[in-house]
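So the structure is just underneath, and the comments pick up after that.
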Amino acid sequence: ARLKDDLGALRASGIQLVILGILGPEYTRTVLDVDPANALYVFLPAALGLIVALAAAPPLIRRLGERRVATLGFASASLAIAGLGLVDPLARLFDPIFVFQPAGVNERVLTASLCSIPLGIGTTLAAAATQTYVGRNVPAAIHGRAFAVLGLLKDGLAVVPLMAFGYAASKFGIRPVLVVAPLALFGLAAAVAWWSAYLARPRDSSPPRGG
């Protein structure tokens, strides 16, 4: 049970990608005015974040440990997703640095592309921390089952938030949902981490002393 809770806390950031994968096409169409078929090109800079995170993950994990690196990755991805929701004010803020703007590409698209870099960094750091945790704490004989649990936790934990955020997006629009969603998911991950720590707390099983 402790292992499952630990994996759940580490893997909670994967829920962000599940939700963004569902809301992403609608976001690119309604907010960025881009055909959803071209969403891949909007978020292509995330690959740069992936490369940076792959280089930084090993020393960070050695120095900080898996949990802290996973939290750092979760925070990076959360800020990036919130940035997608705040793309309009961020586009005005970043407008002076957009010296070169390709024809047909507006400031919102360029800003979303910039936000995808910390998104790539965050999700990769969280994934690397989770993989390292499994390698260090799970017997090699059950690695396959551990990764199956990870997949189950990611998809299972995403069901309720996905339904809630999808409903909220239909009522209030996708921008506010992308701002609020990271906070809600962070609360979920914090709750799982707290439960894991609570279960790991030593219990005093000694009989009470007589008066």
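See the values below:
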| quantity | calculated |
| --- | --- |
| 3J(HN,Hα) from dihedral phi, region 17-25, Karplus parametrisation 6.51/-1.76/1.60, rounded to Hz, x for glycine, proline | 5, 4, 5, 5, x, 7, 7, x, x |
| Cα radius of gyration and Dmax for region 56-146 (Å) | 17.6, 55 |
| Probe 1.4 Å - accessible area at residue 27, Å² to nearest ten | 0 Å² |
| Estimated inter-spin distance, residue 29 and residue 159, nm [label 7 Å along Cα→Cβ] | 2.7 nm |
| Ordering of 66-77, 31-42 by burial proxy (mean other Cβ atoms within 10 Å per residue, highest first) | 66-77, 31-42 |
| Added length on full extension, which subtracts the Cα-Cα distance from 0.36 nm per residue, residue 95 to residue 52 | 13.0 nm |
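The values are calculated or read from the model by the stated rules, or taken from the named source; none is laboratory data. On a predicted model such as this, the values are computed, not experimentally measured, just so you know. Cβ coordinates were reconstructed from backbone atoms using ideal geometry, including for glycine residues, and neighbour counts include every protein chain displayed. With ligands, DNA and RNA removed, areas are computed over all heavy atoms of the protein, side chains included. Shrake-Rupley method; radii C 1.70, N 1.55, O 1.52, S 1.80 Å.
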